[in-house]
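Remarks on the structure that follows.
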Amino acid sequence: MNEMALREEMVSLSRSLYERGYAAGGTGNLSVRIDQQRILATPTGSCLGRLKAEELSVVDTDGNHLSGMKPSKEVKFHLALYADDSCGAVVHLHSTWTTLLSCRADIDPEEIIRPFTPYYVMKAGTVELIRYYPPGDIALAEELGRWAGKRHAFLLQNHGPVVTGGSLSVAMDLMEEFEETAKLAYLLRNENVRYLSEDEVAFLRKR
């Protein structure tokens, strides 16, 4: 996909997120790999529902701003995840249900959501809990960078979800799966849930 097509895809998918309530105001940021040296990212403070293709930021893999509007301060942690050559896109939102989950004090870092649907296991794999850092803190980028290529979904404490994918559409699908599973987990919190067994989870992860 050429750069113009990537710009149009980012604008279209971002608007879809906004219109369906996954993003509000100027929260959240997305990025996609243009090539091995350049990353296309949403500008700082931008509303995902009102992006313009020609205003999107372009940075190099060292974080230098090349063109477009100023990138989000959180592009630093996006770049850390691109250390994995298979990473083609990064999506970070402050979506309601995963952000609610990130604020819980009783969350189990070994099993953020106990698996109860197969698609969550197959798409998200193991979700890594990242301890709280202030937005834009270089330590957050360093922590995520340590997991580049080892995880595809992360939950930032008191902040929200981050996911990666080989393309922007793949990352979007994973983000939506993560958000909807967090919502279901909350709605099922007082129900008698049939969770997937360890053998069932292991089988799905092998696939």
Within region 41-64, is even one residue closer than 23 Å to Gly166 by Cα, buried (at least 21 other Cβ atoms within 10 Å of the Cβ) and either among the aromatic types (Phe, Trp, Tyr) or touching an Asp or Glu at 6+ places or on another chain (Cβ under 8 Å) (or both)? no
Filter region 68-104 down to residues that are among the charged types (D, E, K, R) and more than 19 Å from Ser46 (Cα to Cα) and give me whichever is surrounded by the most Cβ atoms within 10 Å (Cβ to Cβ). Asp84
Any chance you could count how many residues in region 175-191 are outside any loop (DSSP other than H, G, I, E, B), free of Cβ contacts under 8 Å to residues at least 60 places away in the same chain and either closer than 14 Å to Val91 by Cα or of a type in the set (Lys, Arg) (or both)? 1
I need every pair where a residue in region 3-19 that is farther than 15 Å from Asp173 by Cα has its Cβ under 9 Å from the Cβ of a residue that is part of a helix (DSSP H, G or I) and acidic (Asp, Glu), sequence separation at least 6 or different chains. Arg7/Glu54
Taking only region 145-154 into account, find how many residues are within 15 Å of the chain's Cα centre (by Cα), more than 22 Å from Phe203 (Cβ to Cβ) and either polar (S, T, N, Q) or not in a helix (DSSP H, G or I) (or both). 4
Taking the criterion of being free of Cβ contacts under 8 Å to residues at least 24 places away in the same chain and not aliphatic (A, V, I, L, M), would at least one residue in region 65-81 satisfy it? yes
If we only count helices (runs of 4 or more DSSP H) wholly inside region 1-119, which ones have 2 or more residues that are among the hydroxyl-bearing types (Ser, Thr, Tyr)? 3-19, 96-102
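This table checks each residue for (1) in a helix (DSSP H, G or I); (2) touching a Pro at 6+ places or on another chain (Cβ under 8 Å); (3) at pLDDT 95 or above.
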| residue | (1), (2), (3) |
| --- | --- |
| Lys123 | yes, no, no |
| Pro135 | no, no, no |
| Glu143 | yes, no, yes |
| Asn158 | no, no, yes |
| Pro161 | no, no, yes |
| Val170 | yes, no, yes |
| Val193 | no, no, yes |
| Arg205 | yes, no, no |
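The values are calculated or read from the model by the stated rules, or taken from the named source; none is laboratory data. Worth saying up front: this structure is predicted, and the values here are computed from it rather than measured. Because the Cβ atoms are built from the backbone with ideal geometry, glycine has one as well, and the counts that use them run over all protein chains shown.
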